[in-house]
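Reviewing the structure listed below.
The values are calculated or read from the model by the stated rules, or taken from the named source; none is laboratory data. What you see is a predicted model; the values in this text were computed from it and never measured. Using ideal geometry, Cβ is built from the backbone for each residue, glycine included, and neighbour counts are taken over all protein chains shown. With ligands, DNA and RNA removed, areas are computed over all heavy atoms of the protein, side chains included. Shrake-Rupley method; radii C 1.70, N 1.55, O 1.52, S 1.80 Å.
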Amino acid sequence: MSERRDRAAWFEGGDAKCDDIPSPKGRPYRLVLLGPPGVGKGTQAELLCKSLGTCHLSTGDVFRAAQCQTDHSPALQAALEAMRRGELVSDGLVVSMVSERSGCLSCRGGFLLDGFPRTAAQAVALDELLEQQDVGLDAVLSYELPLGEIVDRLSGRRTCSKCKAVFHVTARPPQKEGVCDLCGGQLIQREDDRPESIRVRMRAYEESTKPLADYYQQSGRQVPIRAEGTPETILERSLDALQTLAVSPKV
Ligand code: AP5
């Protein structure tokens, strides 16, 4: 299995074919990662995908990839401007973008959704898409961390401009400053990691995404995970939680 999948169907839309279809190690997992901006969802997604053999599907990555293209529809242009300010993209656009890629939800390798759903309306839409694809959600891993640590993680984040790998200036530094260990690309600071955008993102999280925890709590699918410690420690907590779910009777 390659370290980073091409995820062609996710990035380019439903008609694109992936060169590297996931082959899960054991059962295919279908998971949602929930948590505030900067808590480490993307970092955990990468580690979990390596460990479980599944595919990382991030709506934020799709929007950032679209930023590099020149030909934007007015709706996409508005979405990219909202993203730069730290606001949420409209439910309508996000849901239609995920719907176009709904084949990824029934991929035999399973999936790990990062950054979607983010509002109650998106969660309802996801449930409908899963029902259409005749698959179910195994768990919603909900990462929790005090605000001070979140701000440290966001302000120190550096992202590869080419392969999108994520580093941190102190917690996960690259071997050579400013250069991606994986592909040699230039490391940059995301536009929405500026202090004014971080404030808007945290507010959007409190108002729109946090209430989702109640939605998933009620359905018994949500598992809280403490996000303090090293990425590897948090991975272990996540895998333990999945193990426990697998042996517990369904709620
Ligand atoms: P998105 O890309 O989803 O961003 P986010 O949710 O704000 O999450 P982040 O990517 O900022 O953080 P993360 O939790 O993945 O943390 P990471 O692993 O990088 O969305 C961006 C924007 O797109 C949104 O604001 C919105 O505009 C739009 N959008 C996307 N989806 C949408 C939707 N469904 N609806 C509406 N709008 C949508 O880690 C952060 C840093 O910490 C890194 O530097 C990392 O190296 C470091 N780190 C990670 N773990 C640890 C650790 N254990 N210890 C120390 N450092 C660590």
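Observations, loosely collected:
- Within the range 74-103, restricting attention to residues that are farther than 26 Å from Arg203 by Cβ and open to solvent by less than 60 Å² (accessible area, probe 1.4 Å), the residue that is farthest from the ligand (Cβ to nearest atom) is Gly103.
- Screening the range 107-153 for residues that are in a strand (DSSP E or B) and among the charged types (D, E, K, R) and picking the one that is most open to solvent (accessible area, probe 1.4 Å) gives Glu144.
- Scanning the range 34-45 for residues that are near the ligand (Cβ under 8 Å from one of its atoms), in contact with a strand residue (DSSP E or B) (Cβ under 9 Å, 6 or more places away or on another chain) and not polar (S, T, N, Q) turns up Gly35, Pro36, Gly38, Val39, Gly40, Lys41, Gly42, Ala45.
- Which listed residue, of Arg153, Arg157, is in contact with an Asp or Glu (Cβ under 8 Å, 6 or more places away or on another chain), touching a residue at least 60 places away in the same chain (Cβ under 8 Å), among the charged types (D, E, K, R) and within 12 Å of the ligand (Cβ to nearest atom): Arg157
- Spans of helices (runs of 4 or more DSSP H) in the range 167-251 with at least 2 residues of a type outside the set (Lys, Arg), modelled with pLDDT of 90 or more and farther than 30 Å from Gly136 by Cβ: 195-204
- Filtered by the rule that a residue be among the small types (Gly, Ala, Ser) and within 18 Å of Lys41 (Cβ to Cβ), the range 57-90 gives Ser58, Gly60, Ala65, Gly86.
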